[in-house]
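Values quoted throughout were computed directly from the atomic coordinates according to the rules given, and no laboratory measurement underlies them. Just so you know, these numbers come straight off a predicted model, no measurement behind them. Here Cβ is always computed from backbone atoms with ideal geometry, including for glycine, and neighbour counts include all displayed protein chains.
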Amino acid sequence: MNWIATHPWAYPALETLHLVGVALLLGNLVLFEMRVWGAQPSLPVRPLAKLALGVALAGFALAAVTGTVMLASQWAELQANRALWLKAGLLVAAGANAAAFHLRGGLDKIDRVARLQTALSMGLWLLVVACGRFIAYV
Ligand code: HEM
């Protein structure tokens with residue numbers, strides 16, 4: 001897959017799609033999490049979650065596929081990259097936090113714990129973004 005890294009536009013195209021995925025993920029999470037924090041209380045939580053979290057998940061899938069292809073195309077250079085491994089750990093933590101939110105029924109129980117979980121979620125995803133950016137500089 002090394003040709004992708006040297007092709008004139010394949011890698012930038014993948015990076016573009018990667019960032020579209022990131023935007024869909026973060027943008028929709030912010031909407032949903034603001035509702036959990038008390039914004040627009042008249043908006044029903046479940047239909048909003050179905051739409052916003054569905055699009056967020058699609059964005060994550062796009063980022064995961066494009067990220068995996070970028071990684072495979074320059075594995076030799078990136079395998080020792082500390083920002084990449086920190087990002088991988090943060091991705092696992094963000095996934096576990098999202099699973100914990102849903103397993104305790106967070107969509108039907110908007111309380112202090114749910115608000116803490118969504119705040120943690122936003123912090124973790126922002127750190128994932130920062131580590132993604134730092135891959136090129138460490
Ligand atoms: C399985 C999932 C993922 C893998 C394997 C992956 C891998 C990568 C790789 C290889 C790069 C390119 C680094 C470079 O060449 O400079 C990158 C960049 C980046 N990633 Fe990911 N990524 C994944 C998911 C995500 C997610 C979910 C986010 C955000 C929430 C994210 C945010 C970023 C950002 C902001 C960049 C920098 C893009 C740029 O500088 O143009 N990544 N990622």
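Let me know the Kirkwood hydrodynamic radius for segment 2-137, please, with Cα pairs as the basis and the value in Å to one decimal.
On the way: mean 1/r = 0.0626 Å⁻¹.
Kirkwood radius, segment 2-137: 16.0 Å.
Between segment 7-86 and segment 104-138, the C-alpha centres lie 12 angstrom from each other.
Placing pseudo-labels 7 Å out from each Cα toward the beta carbon at residue 7 and residue 58 gives an inter-label distance of 2.4 nm. Summarising the label geometry, the points placed 7 Å from Cα in the beta-carbon direction at residue 23 and residue 126 lie 2.1 nm from one another. Here's the picture: charge each Lys and Arg Cβ at +1 and each Asp and Glu Cβ at -1 in the chain, and of 76, 26, 116 the one pushed furthest to the positive end of that dipole is 116.
About its Cα centre, the dipole of the chain is roughly 400 debye, where the only charges are +1 on Lys and Arg Cβ and -1 on Asp and Glu Cβ.
Note on residue 136/residue 93: beta-carbon distance plugged into 1/(1 + (r/R0)^6) with R0 of 22 Å gives a FRET efficiency of 0.45.
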